[in-house]
Every structure is written in C-alpha cells, then in structure tokens.
Amino acid sequence: MGSDYGYSEDDDDYYDDEEMIDGTQDEEEDTDEDIDMDGDDFKVSTKGKKKSYEVDYESLSQRSVEKLMQRDVEHICGIFGVESDTASLLLRYMKWNKEKLIEKYMDNAALVSVAAGVTVPEAPPPPLVRTQTISAPASTSRRPTTRGSKLLGLGSKSSKSSNPAPSTPRPPQRTSSKLADQAFVCQICFNDSPDMRTLALDCDHTYCTDCWWDYVVSKIRDESEHSIRCMAESCAMVAPDTFVRDLLLPEPGAPVGDKEKEELGPKMWSRLQELFVRHFVACNASLKFCPYPSCTNTVSCPTAASKSSLTTIVPTVSCGARGIGNGVQDMSRSQQFTLGLQGKEHKFCFGCPIESDHRPVVCNVAKMWLKKCRDDSETANWIKSNTKECSQCQSTIEKNGGCNHMTCKKCKHEFCWVCMGPWSEHGTAWYSCNRYDEKNGVDARDAQSKSRASLERYLHYYNRWANHEQSAKLSLDLYAKTEKKMEEMQITSALTWIEVQFMKKAVEEVDKCRMTLKWTYAMAYYLAKGNEKDLFEDNQRDLEKAVEDLSELLESPIEAENIPTLRQQVTNKTVYVQKRNEIVLEDTAQGFQDGRWRWNVSVDGFDDPEELG
C-alpha cells in the first residue's frame, strides 16, 4: 500500500521477522531508502509538497512520551521545590494541566496536596475547653469542676488556681507500651508472624508486604489503575512511584523470594509505566494513542486538536509502526511476511474513534453514516415501504394477495390498498381504483412513494459501501492469490522475485483505493444535489472504473509469453489508479477548505442544509 507520509513501503520485504516493527526509532535511516522495489516501474514520489488532504503530525514512541512527562515533572519540581514523586502525583491529579496546577497550588498548597493524595489531611484543632464554675451552697465547700476532654490534667489542688489554664494532654504512655508488647496483626490477612515484613504510606496504615503486593498487582493488571490509593477505608493517600517500584522490583542482591513474583514484578512495573503514558496522552488533546493491538506508540497532531478543525480536514495519521503484533496467532511469521502483513502500516483517524482511514469524508459525516447503518431506522423504513396503516385503528397491514380490497383484521375496516379510501365509495370497481383525486388517497400514495424512494436511495449507497468493505476484508485472500501468481511468474519467466513485486504493489494500491471508494459512497449519500455533487461523482466513477480495470488485470491468467506485456499493463494501470485516487482526495479536501460542500441533512460544524424545491 502506498504511503502519503514519507514512509517507504517498498522496503516491506526487507523487514526481519519481528511481530511489530516500530518505525519511530529509525526515521532518520528511512530518508535515504525511498526507492521502489522494482526499479523504474513506479516513479510516483511520496515526497515533496504536502498535499491538501494530508496533515502535519509526529510519531512518538512510548519512551518519547515518557520524556515529555519527565520534562513536565522537572518543570513543576523547579517551581514548587518538591520531589519528583510529589510533582508526578500533583500533575496526574490536575490531568497534566501545568498552568492550572500552578495557579491552584499557589492559592492553597495544602488543599491541593491533600486532594492529590500527597499528604494526610491535618487533624482538626482540638475544641476549646470551656470552664464553668458552679457556685456551691454556703453550707457546702466544693472546688471548681471542668467539662471537657478526659485527657486534660486535673490541675493543682491549691486554692491559688481558681481559674487554671488548660494543661497539655498527657501522652498515653501505658497504651503505647502495651502496643509495643503485642505482635503486629495485618488487618487484611490477619497474619501475625513475628518475621512478617510490613509497609505503610505517610498515613501510617500498615499492612504486610504480601497484601500490598497482591493489592498493587490487582490494581494494575485487573483494573488498569494508575493511581493506587491506600488500602485503608476512606484513606485518600496515593502510593508514590518509588513506593510501587520498590515493592515490584526488589533491589539487586536481595534474597531470592517467590520466583513467580520475581518474574511478574517487572511486567507489572512495565504495565504501570504504560498506564502512566496512556493517562498523559488521554489528558492532552494534541496526542492520541495508536488503536492497533499490541502497539504502544502515540501520535502528536496539534492541527486536529480542536473540534472546529475537523470540519475542514480528515486527520489520517500513522503511528510509525508496522505489522500486526500478536493479532493473528494462528498464522506463522513467515506467512505474515509473505502476505505483506508484517509491513502493514498503522493508519487511523486522529479526530474520531473510527480506527481506519475514512478519507475523503469528514469525521462527523462518517460517524453519522455508521450510526445510520447500525440503527434500526432502516428496518422501520422497510416496514413503511412494504406495509400500510389502517386509517381507522392505525394497525400495520401487509398485503398478501392481488386484490386491492383490504379488510383490517383488528377493526374490520374495509379500504382500498391503492388510494387508502373507504371501499364503500368504490361502487362496483372491485379490482381497479379510479378515485385518484381523493385527498386522502393522494396523501397516502405520496407518503408511500417517498418512503420507498428513500429506502431505494439508501440501499443504492449502502450496497456499494458494503461491497468495498467486504473486498477490504478479503485482502488476505487477495494477497495469497497474488503471491502464487508471483511464484508462477518466476517459474515461467526469467524475472526475479524483486522484479515480480509489481503485482504486490498493484494489490496494495487496489486495497487502498477501495477504502477511498467505500467512504465516497457515505459522503455522496449526504451531499446535497448540485454541480459540486455531480463533479464529485464523476471523479468517483473514474476512480472506480480504473480500480476495476486493474483488478481485472490482476485476475487474468498468467501465460509465459504474455508476462512482459502484463507487467507493463499492470504497472501503467497502477500508476494511473494512484493518480485517480489522489485526484479524488485532493479535490474533496480542497472543497472542505473552500467551504464548497453542502449537505442534505444537518451536520455539526456546517451550515444548515439549503431549502430544496
């Protein structure tokens, strides 16, 4: 498949057998390798001036995103004078909004720290102790009594202290010594082993290391949680990164413990780092995680960060990685490599959840089309086209015979199927209806005709959209058939494996163009009638004809004497198809930027549809 972003897809056959090839680590090395596999056959350059349907973006590996996070952490450390663990917790709490964090922290550092789980809430100050002197009867001599905490001292018995100041509470000496004599019991597992190791956060809620381990692993592996709070009920303290790291990654030279934990610990720490990156990416509108399975790369695209920009561009991006990861377990690496899957570039839309290239249609229209295809609204439309409602009780009736004399089984109302008028007014015209001028009949027929026309129009576009989608799903079979033909060409001619790569290039181009054609039908369904739609459908027709011609050449039988001619024809047609695809994408993208496109329905970000006559 051809690339529009400077990635050379002609080098696919030279990749090793790794399941996932990350293109973000060797972008500099690829700049000198933008050559075609079969020499002079393909001269369409992927470099040069950026086209109107392309957007500027940057592919980032997980390590690159971690560096961006570390830069923000160091920035906060320098301003607040805190440790990196504290800065990380504060940034995550404020969703990596540095400006907002600085403003809030400067306002009330203690409040923000408590909310972020960095510090323990300060205990409320003890209530002021009020003393009340009760006057005793003259016959009884009593000293003043104090109402308040029992921890307060009783004060001096001397008569000099008639209004004593509250003294400092005595420390609970005996209670402390009693706790020291008792063995510690973990409140989670109730283990009281004397050699048990314990851990606690700054909140001093202490638990055994085994319970901490199970809790942290469960949070990371099962709940995909990056913010790990204290196990104590109602405690909002968050475990800092160093606490979790020391728990999961034992220090070098530490005594060998549970072998399973030693193997699982590094995996959980690596998973936690990935969760940190995902949280950082989710909090930044200009970043998006690659949706492909097993891929950890990220794309930065500030151009498509705002919703308003999505009305003029279709932000199709690539994360820089190639391959399918662990997505196809039942296929060997050699098979994936042969079928071209190892070099499959990760392309997706930056602006919406659609995990594919949906050019040339903008995101809002593409989502409307997919929702329409999923909804049951078309089922209701079919019912309207094939049934009618009784004019008396509104029951739905389907005609199952040739006579136009209908009788509702529910209310027994008799009416004419053609004009929907009462059957009693038809006289002796039992098998024909001549009352076409009746208002009720005209309205019923108009509603029926509009419903049927709407359904037929929808099915026209949907069937063609679904046909190209099905063809894309069958790309594996197409790759396999092409590979067999390439081997047959090698056997029956003097061509080398490199020289027969023109067939693979043609298949990739067909696959890419079918994706474009698929979405042109979704766009055409919503386009308002006019010259612009006519020109759009002309370009669509030319591309579709070129793609079908190329597909026919690929399906043609291989004969030894015709291989040179076939090679030339396939090569020429491939270049022509690529050019036609670029024309469709270029013209459509330019139309969005110029505001030329008008819709027959309301679309977010666009003007309301014009009044149709």
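The values are calculated or read from the model by the stated rules, or taken from the named source; none is laboratory data. Here the structure is a predicted model, which means the values were calculated and not measured. Virtual Cβ from ideal backbone geometry, glycine too; neighbours counted across all protein chains shown. We work out accessible area using only protein heavy atoms, side chains counted, and drop any ligands, DNA or RNA first. Shrake-Rupley method; radii C 1.70, N 1.55, O 1.52, S 1.80 Å.
Brief remarks on what is shown
- Rounded FRET efficiency, nearest 0.05, which uses the C-beta distance separating Cys411 from Thr312 and R0 of 45 Å: 0.20
- A straight chain from Ser424 to Ser234 at 0.36 nm per residue would run longer than the Cα-Cα distance by 60.7 nm.
- Computed from Cα atoms alone, the Kirkwood hydrodynamic radius reported for region 70-129 is 12.1 Å.
- Filter on Lys259/Lys347; Lys100/Lys261; Lys307/Lys372; Lys481/Lys533; Lys372/Lys545 - keep pairs with C-alpha separation over 31 Å: Lys259/Lys347; Lys100/Lys261; Lys481/Lys533
- Of the solvent-accessible surface of region 70-129, computed with a 1.4 Å probe over protein heavy atoms with every protein chain present, carbon and sulfur atoms account for 55 percent.
- For region 209-292: rounded, prolate or oblate by the Cα gyration tensor [a/c cutoff 1.5]: oblate
- Accessible surface for Arg229 stands near 90 Å², nearest 10, in the context of the full protein assembly shown (1.4 Å probe).
- Note that region 363-611 shows a convex hull volume over its alpha carbon atoms of 194 Å³ per residue.
- Near the amide H of Trp599, within less than 5 Å, lie the amide hydrogens of Ala528, Glu610, all on another chain or at least 5 residues away, with H placed in the peptide plane.
- Using θ = phi - 60° and Karplus 6.51 cos²θ - 1.76 cosθ + 1.60, couplings along region 345-358 (whole Hz; Gly, Pro as x): 7, 7, 10, 7, 8, 6, x, 8, x, 5, 8, 7, 7, 10
- Across region 538-555, rounded Karplus estimates of 3J(HN,Hα) from the backbone phi angles (6.51 cos²θ - 1.76 cosθ + 1.60, θ = phi - 60°) give 5, 5, 4, 5, 5, 5, 5, 5, 5, 5, 5, 4, 5, 4, 5, 5, 5, 8 Hz, Gly and Pro being marked x.
- Measuring with a 1.4 angstrom probe and ignoring ligands and nucleic acids, Asp538 comes out at about 60 Å² accessible.
- Added length on full extension, which subtracts the Cα-Cα distance from 0.36 nm per residue, Leu249 to Ala115: 45.4 nm
- Modelled this way, with points 7 Å down the Cα-to-C-beta line, the labels at Ser64 and Ser556 are 4.3 nm from one another.
- Each of Met94, Ile76, Gly117 was placed along the dipole of region 70-129 (beta-carbon charges, centred on the mean Cα), and the one lying farthest toward the positive end is Met94.
- Using a simple spin-label model with pseudo-atoms 7 Å out from Cα toward Cβ, Lys100 and Val601 lie 3.4 nm apart.
- In nm, spacing of pseudo-spin labels at Lys481 and Arg271 (7 Å Cα→C-beta vector): 4.3
- Length added when fully stretched, Asp56-His75, from 0.36 nm per residue minus Cα-Cα: 4.1 nm
- Karplus-derived HN-Hα couplings along region 593-604 (A = 6.51, B = -1.76, C = 1.60, θ = phi - 60°), whole Hz, x at Gly and Pro: 5, 8, x, 7, 7, 10, 10, 8, 9, 6, 10, 4
- The distance linking region 519-544 with region 226-288 is 52 Å (Cα centroid to Cα centroid, whole angstrom).
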